[in-house]
Structure formats: structure tokens, C-alpha cells
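The values are calculated or read from the model by the stated rules, or taken from the named source; none is laboratory data. Being a predicted model, the structure only gives us computed values, none of them experimental. Cβ atoms come from the backbone with ideal geometry, glycine included; neighbour counts cover every protein chain shown. Just so you know, the surface numbers come from the protein's heavy atoms only, side chains and all, with ligands and any DNA or RNA stripped out. Shrake-Rupley method; radii C 1.70, N 1.55, O 1.52, S 1.80 Å.
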Amino acid sequence: MSTEDKREAILQATLELVAENGFHDSPCALIAKHAGVAAGTIYRYFENKDVLINELYISIESGITAILLEAYPARGSMRERFMHLGIGLLNYFISRPAEFRFVEQFHNSPYGTEFRRNRILGVSNSTESTRKCDIFRELFSEALEHNVIKQLPLILLFDLAFGPIVSVARSHVLGFITLDDALIEQMVSACWDGLKR
């Protein structure tokens, strides 16, 4: 197995195990076994488990960003841009349930608290993927400036917009509902209706 293959195997094993068992029940020894590498191999690529978790999150976020930026209607109305982002995000989550479960756990853990706070508040981060993901914050800031959406703190706008999207993705992943394109569009449109003035 090449160096890059080993690194990818470790990331994939971490994703699968954390999605299934959570962070605490996915020790490095189990990750190494699941990846088919020696336990010490993880530390050749990642300083510790915290670094591994954070790098996996950044890798997933980079993939989400790339998909969301495909055909992004930068000159479209704020609603068009929001619909593009919301539909893209919901489709991404339901088509990749392990990544969704990992991201959800990350955001609701000490790993993600500071990361998420910095993102919402616009604190700069060194990675290109995180700069690109500021597209959500930029859209909301522009919509606030033009009085298109409710004058609420940015964190509440994120909650109003993406809380329902995450909840619906969770319901789909758990098999409580099956989302199709029409239902996804209706759901994201309802989120926009909750935001607009």
C-alpha cells in the first residue's frame, strides 16, 4: 500500500468507525486495524487522534464546498443562491450518510465547537476550503445588509436555515422519510421562507 493509500485508508476507517461508534469508541488501535495498517502507522501521518479528526473534517468540508460551488449562481438573487446552497447541502448529506453522521458529531462535540464559532463569526482560518465555505456567512451578511432577511444575529440565521436541513437529513438517514428532489426543494424553500422579511 502506498503512502497516500495508507493515509486515505486511515481517514476512511476513521470516518466509518466514528460514524458508527462515535469519537470515544473509535480508538486509534481500532482505526488502524480497520484501515489494515499497524497501530503506529497512524502517527506517521497524524500527530494524534485530535489532528486526525480535524483533518478528516476539513477533508469532508472541502468536498462539500467543491460540490456547492459547482454552478453556483453568484449573480443570482439571494433566494436563488440560498436554494442552490441548501439543496446542494441536503443532497450531499443524504447521499453520504457516514459523512453526515461524522459532521453532525463533529459539530456537536468539543472538536467542532471552536471551529464552528470561528466560521460563523468569520474568524479567518488558514485553509482554502474554510475560506470557500464562508459563502454561507457572506450570503447572510449581504442579505442582512440589503434587508432581504430578518434582522437577527448571524448565529440565529444559521440555526433557522440549517437546523431544519440537518434535522431532515437525519430523518432521511434514519429511514423515517425518503426525500426526493421535489421534497428537498420544498424543504429548502420553507427554510428560505423562515428567513426572508
(message) Taking only Cα atoms of the range 25-123, what ratio of Rg to Rh do you get with Rh as the Kirkwood inverse-distance radius?
(response) 1.06
(message) About the Cα centre, and with charges only on the beta carbon of Lys, Arg (+1) and Asp, Glu (-1), how big is the dipole of the chain? Nearest 20 debye, please.
(response) 340 debye
(message) Counting only protein heavy atoms and a 1.4 Å probe, tell me what percentage of the chain's accessible area is made up of carbon and sulfur.
(response) 52 percent
(request) Return the FRET efficiency for the residue pair SER167, GLU138: r is the Cβ-Cβ distance, R0 is 25 Å, and the value is rounded to the nearest 0.05. (result) 0.55
(message) Using Stokes-Einstein with the Kirkwood hydrodynamic radius over Cα pairs, what translational diffusion coefficient do you get for the range 141-197 at 20 °C and a viscosity of 1.002 mPa s, in µm²/s rounded to a whole number?
(response) 176 µm²/s
(request) Pairs of Cα atoms under 8 Å, at least six residues apart: use those to get the relative contact order of the chain, whole percent. (result) 21 percent
(request) Consider just the alpha-carbon atoms of the range 1-76 and return their Rg together with their Dmax, both in angstrom. (result) 14.8, 51
(request) Quote the relative contact order of the range 1-112 in percent (integer), defining contacts as alpha-carbon pairs under 8 Å separated by 6+ residues. (result) 28 percent
(message) At a threshold of 8 angstrom on Cα-Cα distance, excluding pairs fewer than six apart, so keeping six or more, what relative contact order does the range 34-100 reach in percent?
(response) 21 percent
(message) Along the Cα→Cβ direction, 7 angstrom out, place labels at SER2 and ARG44. What is the inter-label distance in nm?
(response) 1.5 nm
(message) Once you place label points 7 Å from the Cα toward the Cβ at THR113 and ASP193, how far apart are they in nm?
(response) 3.6 nm
(request) Calculate, for the range 48-197, the solvent-accessible area per residue in square angstrom, rolling a 1.4 angstrom probe over the heavy atoms of the protein chains. (result) 51 Å²
(message) Give me the count of lysine pairs in the chain whose alpha carbons sit under 16 angstrom apart, restricted to pairs 8 or more positions apart or on different chains.
(response) 4
(request) Treating the angle as unsigned and between 0 and 90°, give the value, to the nearest 10°, between the Cα long axis of helix 3-21 and the longest Cα principal axis of the chain. (result) 70 degrees
(message) Can you give me the convex hull volume of the Cα atoms of the chain, divided per residue and expressed in Å³?
(response) 128 Å³
(request) Sticking with the crude label model, points 7 Å out along Cα→Cβ, report the distance from ASP159 to ASP181 in nm, one decimal please. (result) 3.5 nm
